[in-house]
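Notes for the one structure printed next.
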C-alpha cells in the first residue's frame with residue numbers, strides 16, 4: 001500500500017515538473033530560438049544583398065520562384081515597435097514560421113500587382129504579431145528586398161475571420177474594400193491570442209517605393 | 001521509482017548525487033531538443049494561416 005501511494009505521488013510530481021518545463025519551453029525557449037533564427041536569416045539576406053551588386057532600377061523580370069524556406073525580404077512595422085524587424089521567408093510551413101514570417105506560396109511577389117500575403121505567429125516563437133490588433137488605418141508596413149524599399153499603408157483596422165476564409169489572400173481580397181487590381185499586402189495571424197478558432201487579417205496597399213541607394217524611407221523614422 | 005534509481009546508482013552519496021544531476025540534465029535536454037518540438041505544433045499556437053482546413 002505504501003509503495004502504491006509513493007509511486008503515485010512520484011508520478012504526480014513528475015507530471016507537474018513536465019508541465020512546468022513545457023510552459024518554460026513554449027513561453028521562453030521558442031522565443032530564444034526564434035530570435036537567433038530570425039537574426040541569422042536577416043544576416044544571410046544582408047550578406048547576399050551586399051555581395052551582389054545593386055541591380056538597376058528596371059531589372060530583368062525574374063520568373064524564378066523563391067525556394068521554400070529561403071529569406072526573401074525584411075519587414076519593418078513602426079507601429080509594432082521601433083526595433084520591430086522580421087525576415088519574411090518563402091512558404092508558410094510550420095518549420096518556416098519558427099524562423100520568421102512566411103510568404104504564402106502562390107501569392108504575388110513583393111511589390112508586384114496582386115496580393116503579397118504574409119503569415120506570422122501572434123504568440124510563441126518571438127511573438128512577432130503580438131500587438132497585431134493595434135494596427136490602424138494609415139500605419140506603414142515597410143519591406144525591403146535589398147534593391148528597393150516598399151512602403152505599404154494599412155487600409156483598415158484588423159478584420160476578424162475564420163480559418164477557412166481563404167478569400168482574404170486573393171489578388172483582390174474579398175471584403176477588403178479594394179475595388180480593382182492593385183499592389184496589395186495581406187498579413188494574417190491567429191485570434192484569439194492563444195487560440196486558433198479565428199484569424200486576424202490586415203490589408204494594405206503599396207504607397208511608395210524607393211531605391212535602397214536613396215536611403216531609408218521616411219515612414220521608418222517618423 | 002526515484003528511490004529505486006537511487007539504490008541502483010553506484011558509488012557513495014556524492015557520486016550518486018552527481019550522477020543524478022547528470023541524468024536530470026540529460027532528460028531535460030532530450031525534452032527540449034526532441035519531445036517538446038514534437039508536441040508543441042499539436043497545440044493551437046501554430047495556426048496563423050488561412051488555409052481552408
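Since every read-out is calculated from the coordinates, none of them should be taken as a lab result. A quick note: this is a predicted structure, and the numbers were derived from the prediction, not measured. Cβ sites come from the backbone with ideal geometry, for glycine too, and all protein chains shown count toward neighbours.
For helix A:30-51, what angle does its Cα long axis make with the longest principal axis of chain A, in degrees from 0 to 90 and rounded to 10?
30 degrees
Given 0.36 nm per residue, what is the gain on full extension from residue A:2 to residue A:214 after removing their alpha carbon distance, in nm? Walk me through the numbers on the way to the answer.
Numbers: separation 212, 0.36 × 212 = 76.32 nm, distance 7.73 nm.
Contour length minus the Cα-Cα distance gives 68.6 nm.
How far is helix A:2-24 tilted off the main Cα axis of chain A, in degrees rounded to 10, range 0 to 90?
Long axis of A:2-24 versus the principal axis of chain A: about 10 degrees.
Mind pulling the per residue volume of the convex hull built on the Cα atoms of segment B:1-44? Å³ is fine.
Details: hull volume 3.4 nm³, N = 44.
Residue-normalised Cα hull volume stands at 78 Å³.
Taking 8 Å as the Cα distance limit and 6 or more residues as the minimum spacing, I'd like the relative contact order of segment A:94-222 as a percentage.
Here the relative contact order equals 28 percent.
When the label point is put 7 Å from the Cα of residue A:83 along its Cα-to-beta-carbon vector, which residues of segment A:204-222 have a backbone N closer than 19 Å?
From segment A:204-222, the list is A:220-222.
In Å and from the alpha-carbon atoms only, list the Rg and Dmax of segment A:108-222.
Taking only Cα atoms of segment A:108-222, I get Rg and Dmax of 14.2, 44 Å.
Taking the inverse of the average 1/r across all pairs of different Cα atoms in chain A, what Kirkwood radius in Å do you get?
Working: mean 1/r = 0.0530 Å⁻¹.
Over chain A, the inverse of the mean reciprocal pair distance is 18.9 Å.
Provide a whole-number value for the mean count of partner chain Cβ atoms within 10 Å of the Cβ atoms in peptide A:183-196. If you can, show how the numbers build up before the last one.
Numbers: counts 0, 0, 0, 1, 1, 4, 3, 6, 1, 1, 1, 3, 3, 6.
Per residue, the number of nearby Cβ atoms from other chains is 2 on average.
Give me the percent of DSSP beta bridges within the protein assembly as shown that run antiparallel, rounded to the nearest 5.
Working: 33 of 42 bridges.
Beta bridges within the protein assembly as shown, antiparallel portion: roughly 80 percent.
Let me have the relative contact order for chain A, percent, based on Cα pairs under 8 Å that are six or more residues apart.
RCO, chain A: 18 percent.
Is there a simple number for the mean count of other chain Cβ atoms within 10 Å of the Cβ of residues in B:32-42, and what is it?
4
Using a simple spin-label model with points 7 Å from Cα along the Cα→Cβ vector, what separation in nm is obtained for residue A:160 and residue B:25?
4.8 nm
I'd like the distance separating the alpha-carbon centroids of segment A:159-189 and segment A:74-141, in whole Å.
Their Cα centres are 15 Å away from one another.
If packing is taken as the average count of other Cβ atoms within 10 Å, what order do A:127-140, A:172-185, A:93-106 fall into, highest mean first?
Details: A:127-140: 17.7, A:172-185: 15.2, A:93-106: 19.6.
Result, highest mean first: A:93-106, A:127-140, A:172-185.
Return the average number of partner chain Cβ atoms within 10 angstrom of each residue Cβ along peptide A:117-125. Show your work: numbers first, answer last.
Values: counts 2, 1, 5, 2, 4, 3, 3, 4, 4.
Counting Cβ atoms of other protein chains within 10 Å of each residue's Cβ and averaging gives 3.
So what's the back-of-envelope 222 nm ellipticity for chain A, counting only DSSP H runs of four-plus at -39500 (n - 2.57) apiece and dividing by all residues, rounded to 500?
Values: 3 runs with 49 residues, N = 222.
After summing the helix terms and dividing by the residues of chain A, the value is -7500 deg cm²/dmol.
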